[in-house]
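Below: one structure, written as structure tokens.
The values are calculated or read from the model by the stated rules, or taken from the named source; none is laboratory data. These numbers come from a predicted model, not from an experiment. Here the Cβ positions follow ideal geometry from the backbone for every residue, glycine too, while neighbour counts run over all protein chains shown.
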Amino acid sequence: MAETPNVSFALTEDQELIAGTARQFLEDRLGLDRVRELMVSEDGFDPVLWKEMAELGWTGLGIGEEHGGSGLTPVEMGVLLEEMGRLVTPGPFFASAVLATTTIQELASPGQQAELLPALASGETIATVAVFETARDWSLDQPRTTAKRRDGGWVLQGAKRAVLNGADAGVLLVTAVTEDGVGVFAAEASADGLAVTPESVLDPTRRQASVTFDDVSLSDDARLGEGDAGAGLRHVLALATIALAAEQIGGAQRCLEMSVDYAKSRYQFGRPIGSYQAIKHRCANMLMKVEHARSAVYYAARVTDLPDELAIAAPLAGSVASEAYVWVAGETIQVHGGIGFTWEHDAHIYLKRAKASSLLFGGPRHQRDLMGDAISI
């Protein structure tokens, strides 16, 4: 067995600066009252806020400097996403700046990267990835959507579900079966035959859509890279799982803070409820869950260049963070009592985000299956 890499979990000064700047910006410009407004709005996010995030360099954080980005690592992206998760930030950031960007960098040719990435880095273009097709099938190997050669180009036929921010994206990266394996194709949302239908979702801060492709004609160079993209897509989802897990620990951390604050200020029988042992134990267990998940996530973010270690660390981070967030969000409601169940309280927003995020890439059980495959169990 290979020796476990020796990594540091301490954030650097620059990473601390990213976290501090992001927290201050989001608290000033967003806040949970604004999140509530955006949840019920038609777009589901604030285009002005999106532009400001792009001007701060967030949309290009993981894109190389040669394409207009900052060229930072998954650790810096995790730091940023943790802060975004604290305020359940609505919008297409995860779909575009994480999923789509990572897919292009992993699979596209240098020329395609030069064409697609600058607009993503600047926030001018929003992109997403259309991968999954059925409610319980998270396999990447045999999509039912097909891409066939016709008149010197490609024709897409099929349907996708659970496409993150599908209604917001100008470009969709679509997986489809070809004669030589699975390919990923860049399709303009305005293409003839491409139809987007918003889906009903548990978490209204992260919109999803179903997308159908009825003889959608694409150019010859619409396919990202060459050959079967299966291995590359699995690597993309591993990196996306880590990024999502970082966002999840941000939400769990905020739930813990809400619970502790409430336990200090809510009085019963003449004393704060936090002085009772049952509440103390709840909060202590919440802290353990959050710190356990944080350690798993930042370890995974630091070993992304070690394929064998990543194959274990990514699903471990995904399963631990998903279960921690759902559990901590549920405990937050218990600490708050009846008020935590009401629409007026913020706890239910976090519980919905926690549950929806835990299922995004197949759920903890699926992640543990991936981990078992990696260690040959």
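Scanning the stretch 251-272 for residues that are surrounded by fewer than 19 Cβ atoms within 10 Å (Cβ to Cβ) and more than 10 Å from T332 (Cα to Cα) yields a total of 10. So for the stretch 341-350 (the condition being assigned to a helix (DSSP H, G or I), under 14 Å from E247 (Cα atoms) and in contact with a Cys (Cβ under 7 Å, 6 or more places away or on another chain)), does at least one residue qualify? Looking through the stretch 341-350, at least one residue is assigned to a helix (DSSP H, G or I), under 14 Å from E247 (Cα atoms) and in contact with a Cys (Cβ under 7 Å, 6 or more places away or on another chain).
Restricting attention to the stretch 153-174, the residues that are in contact with a helix residue (DSSP H, G or I) (Cβ under 7 Å, 6 or more places away or on another chain) and either assigned by TED's automatic domain parsing to the domain that holds S109 or not in a loop (DSSP other than H, G, I, E, B) (or both) add up to 4.
Test of understanding: among T304, T241, which residue is part of a helix (DSSP H, G or I) and either among the hydroxyl-bearing types (S, T, Y) or assigned by TED's automatic domain parsing to the domain that holds F93 (or both)? Going through T304, T241 in turn, the sole match is T241. Number of residues in the stretch 146-171 that are farther than 20 Å from P90 by Cβ and buried (at least 23 other Cβ atoms within 10 Å of the Cβ) equals 4.
Do we have I63 as within 22 Å of V303 (Cα to Cα) and not in a helix (DSSP H, G or I) here?
yes
A22 meets the conditions (1) of a type in the set (G, A, S); (2) more than 30 Å from P110 (Cα to Cα); (3) more than 18 Å from the chain's Cα centre (by Cα) in every case but one. The failed one is (3). Tell me yes or no: at least one residue of the stretch 222-239 is modelled with pLDDT of 95 or more, among the hydrophobic types (A, V, I, L, M, F, W, C) and more than 27 Å from R365 (Cα to Cα). Checked against the condition, which is being modelled with pLDDT of 95 or more, among the hydrophobic types (A, V, I, L, M, F, W, C) and more than 27 Å from R365 (Cα to Cα), the stretch 222-239 yields at least one hit.
Tell me yes or no: at least one residue of the stretch 313-322 is touching a residue at least 40 places away in the same chain (Cβ under 8 Å), outside the structural domain of V79 (by TED's automatic domain parsing) and surrounded by fewer than 19 Cβ atoms within 10 Å (Cβ to Cβ). Checked the stretch 313-322: no residue is touching a residue at least 40 places away in the same chain (Cβ under 8 Å), outside the structural domain of V79 (by TED's automatic domain parsing) and surrounded by fewer than 19 Cβ atoms within 10 Å (Cβ to Cβ).
Residues that are among the small types (G, A, S) and either more than 21 Å from R294 (Cβ to Cβ) or not assigned by TED's automatic domain parsing to the domain that holds Y267 (or both) within the stretch 323-346 comprise G337, G338, G340, listed in sequence order.
Every test in (1) over 30 Å from E199 (Cβ atoms); (2) small (G, A, S); (3) not in a loop (DSSP other than H, G, I, E, B) is passed by A54 save one, and that test is (1). You will find that of L256, L287, L306, the residue that is without any contact (Cβ under 8 Å) to a residue 60 or more places away in the chain and within 30 Å of M77 (Cα to Cα) is L287 and no other. Answer with yes or no whether G123 is without any contact (Cβ under 8 Å) to a residue 60 or more places away in the chain and at positive phi. In short, no. Restricting attention to the stretch 66-101, and to residues there that are in a loop (DSSP other than H, G, I, E, B) and aliphatic (A, V, I, L, M), which single residue is nearest to the chain's Cα centre (by Cα)? My answer is V88.
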